[in-house]
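The structure is given below, and queries will be raised subsequently.
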Amino acid sequence: MDPTTDNAGHTGQAGRSDTARASLEALRTEIAKAVVGQDPAVTGLVVALLCRGHVLLEGVPGVAKTLLVRALAAALEVDTKRVQFTPDLMPSDVTGSLVYDARTAEFSFQPGPVFTNLLLADEINRTPPKTQSSLLEAMEERQVTVDGTPRLLPEPFLVAATQNPVEHEGTYPLPEAQLDRFLLKLTIPLPTRQDEIDVLTRHAQGFDPRDLRAAGVRPVATVQDLEAARTAVAATTISPEITAYVVDLCRATRESPSLALGVSPRGATALLATARAWAWLTGRDYVIPDDVKALALPTLRHRVQLRPEAEMEGVSVDAVITAILSHVPVPR
């Protein structure tokens, strides 16, 4: 191969990578026009998009979980749909169903709301396991099978499911197998005093959360930017030492006396992927231990289970993972 051509190609790839990174960085600024003080959650959603993963958003009502997903869709210029999960919701209400057409005397497929780019599964733990499981194939295989026929979902495809951590009456906790399908679990905290003042000031000035265009939210990134970013993330270097570090962290969760269930190999793979995406977002083409540490909590917190005695003592999952991060030797 002609070295001149090779260098030009490499320069072109680097340029596309830098453009894609700048576009995805601009998402934060654009979403901030509608959502105040939730930068970690915005970053988590971008990381999930880069890794082709899904996100579980946990927070009390009224902390802008729905607005966050809608603002992301508007800034990325992709389609979004919202499903309110209730006890009487049926699987076909999510995936779609066959509908009889009297004119043709045939059944035709009517797509459900899952056929979108960003699906907001609101209060997913309020619907029975039968309906919760209707999302499993969509999340893992990125397709829906109805009457034996698989139908591919659009690309990109991300499920952002929300749940309320406080109210448990009338809810159906997600089974471990489904929790493990979520790449990240992001906790949406209550705003700080200053952030809450900013929120109220915006509303007093006429901000309408139902009209994002009036709030100034504009498309700043495209699906093409996302594809270029995914290609660049896949080329980000991971050293054997970093791989071993991820494995050691995950194995430590399985040996922790506070945990009844540790991180599975799928969780280890997820941590490696999210650390890689974060390394690229921060401008590096290689992963360092700090990248792994930065994504350990959101990637692992929903993949482990506390022992009953630890739970009774008031120990939290985040505290256990933080302790493990401080004890496992960090590669140099």
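Quick check: residue separation of R28 and S133 times 0.36 nm, minus the Cα distance between them. What number comes out in nm?
Stretched fully, the R28-S133 segment lengthens by 34.6 nm.
Set Lys and Arg Cβ to +1 and Asp and Glu Cβ to -1, take the dipole of region 1-144 about its Cα centre, and tell me which of L136, L120, G62 lies farthest positive.
Selected residue: G62.
Further question on the same structure: Using the Cα centre as the reference, give the magnitude of the dipole from point charges on the C-beta atoms of the chain (Lys, Arg: +1; Asp, Glu: -1; all else neutral), rounded to the nearest 20 debye.
It works out to roughly 240 debye.
For A204 and D79, what does the FRET efficiency come to when R0 = 45 Å and r is the distance between their Cβ atoms, rounded to the nearest 0.05?
0.90
What's the local net charge at C51, with K and R +1, D and E -1, over the other residues with C-beta under 10 Å away?
+3
Among bridges DSSP assigns within the chain, what percent are antiparallel (round to 5)?
Taking every DSSP beta bridge with both residues in the chain, the antiparallel ones total about 40 percent.
Something else: Between A105, A204, Q178, whose Cα lies farthest towards the positive end of the dipole of the chain when Lys and Arg beta carbons carry +1 and Asp and Glu beta carbons carry -1, centred on the Cα centre?
Comparing the listed Cα positions along the dipole, A204 ranks first.
Find the centroid of the Cα atoms in region 138-184 and in region 299-315, then give the distance between the two in whole Å.
Taking the Cα centre of region 299-315 as reference, the centre of region 138-184 is 23 Å away.
Now a separate question. Give me the net charge for the shell around L98: Cβ to Cβ below 13 angstrom, other residues only, Lys and Arg +1, Asp and Glu -1.
-2
Per residue of region 187-198, what does 6.51 cos²θ - 1.76 cosθ + 1.60 with θ = phi - 60° give for ³J(HN,Hα)? Whole Hz please, x for Gly and Pro, Karplus curve as stated.
These are the phi-based 3J(HN,Hα) values: 8, 9, x, 5, x, 5, 4, 5, 4, 5, 4, 4 Hz.
About the Cα centre, and with charges only on the beta carbon of Lys, Arg (+1) and Asp, Glu (-1), how big is the dipole of region 73-144? Nearest 20 debye, please.
100 debye
I'd like to compare 183-191, 87-95: which one has the highest average count of other Cβ atoms within 10 Å, and what's the full order after that?
Top of the packing list down: 183-191, 87-95.
What does the charge count near P289 come to, summing +1 for each Lys or Arg and -1 for each Asp or Glu among other residues with Cβ under 10 Å from its Cβ?
Local charge sum for P289: -1.
Calculate the dipole size of region 5-145 relative to its Cα centre from +1 charges on Lys and Arg beta carbons and -1 charges on Asp and Glu beta carbons; express the result in debye to the nearest 20.
It comes to approximately 240 debye.
Among W278, Q305, H327, whose Cα sits farthest toward the positive end of the charge dipole of region 217-332 (+1 at Cβ of Lys/Arg, -1 at Cβ of Asp/Glu, about the Cα centre)?
W278
Bear in mind that the values in this text are calculations on the coordinates, not laboratory data. What you see is a predicted model; the values in this text were computed from it and never measured. Cβ: placed from backbone, ideal geometry, glycine included. Neighbour counts: every protein chain shown.
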